[in-house]
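Asks: Submitted below is the structure of interest, expressed as structure tokens.
Taken together, the values in this text are just the output of simple stated rules run on the coordinates, not laboratory data. Source: prediction; values computed, not measured. Virtual Cβ from ideal backbone geometry, glycine too; neighbours counted across all protein chains shown.
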Amino acid sequence: MTKTLSKAEAENLIASGRIGRLGCVDNGEPYVVPVNYLFEDGSIYSHSLPGRKIDAMRTHSRVCLQVDEIASDLVWRSVIAYGNFEEIRVPSDRRSILSKLLVRFPLLTPVESVMARDAGAPDSIVFRIIVDRITGVEER
């Protein structure tokens, strides 16, 4: 039986997730890619090198992140968080977010460790999605 998740349940699922699917619009078409992330204070934080997803989000800032928890074909939960992309440019803020990501994902590469210490390489992008709506469902 499918049930709608409460806002608190949906936020808990996002907070406990580690990899989500980032959805954006690229040249008028949907574009979805997996990203690791951190959910904190109503925002989703991540980082990337320049490329298609960053170009797409800079052009169309409205994005979403979808996160699943799947136990079986008939037991699962899924959440989509909607919001707006925003680059984090202040060096101390970049360093703080990258450090938190490294704590959450300690197996990130040594290059990313240096990026966190130095507030990121000049071509790295640290960003957040300022979440304004969350929907979620579960099947049990």
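Asks: Pick from GLU40, GLU87, GLU29: which residue has the top mean-square fluctuation in a GNM of the chain where Cα pairs under 10 Å get a spring?
Replies: Its mean-square fluctuation being the largest, the pick is GLU29.
Asks: While we're looking at this one, here's another question. Kindly put HIS60, HIS47 in sequence by how many other C-beta atoms sit within 10 Å of each C-beta, fewest to most.
Replies: HIS60, HIS47
Asks: Right, another one. Per DSSP helix of 4 or more residues, -39500 (n - 2.57); summed, then divided by the residues of the chain. What does that give at 222 nm, rounded to the nearest 500?
Replies: My calculation for the chain gives -8500 deg cm²/dmol from helical runs alone.
Asks: Tell me whether the range 42-88 comes out rounded, prolate or oblate; compute the Cα gyration tensor, take square roots of the eigenvalues as a ≥ b ≥ c, and use a/c under 1.5 as the rounded threshold.
Replies: Prolate.
Asks: So for the range 8-56, averaging the separation of alpha carbon pairs under 8 Å that are six or more residues apart and normalising by length, what relative contact order in percent results?
Replies: Rounded, it is 32 percent for the range 8-56.
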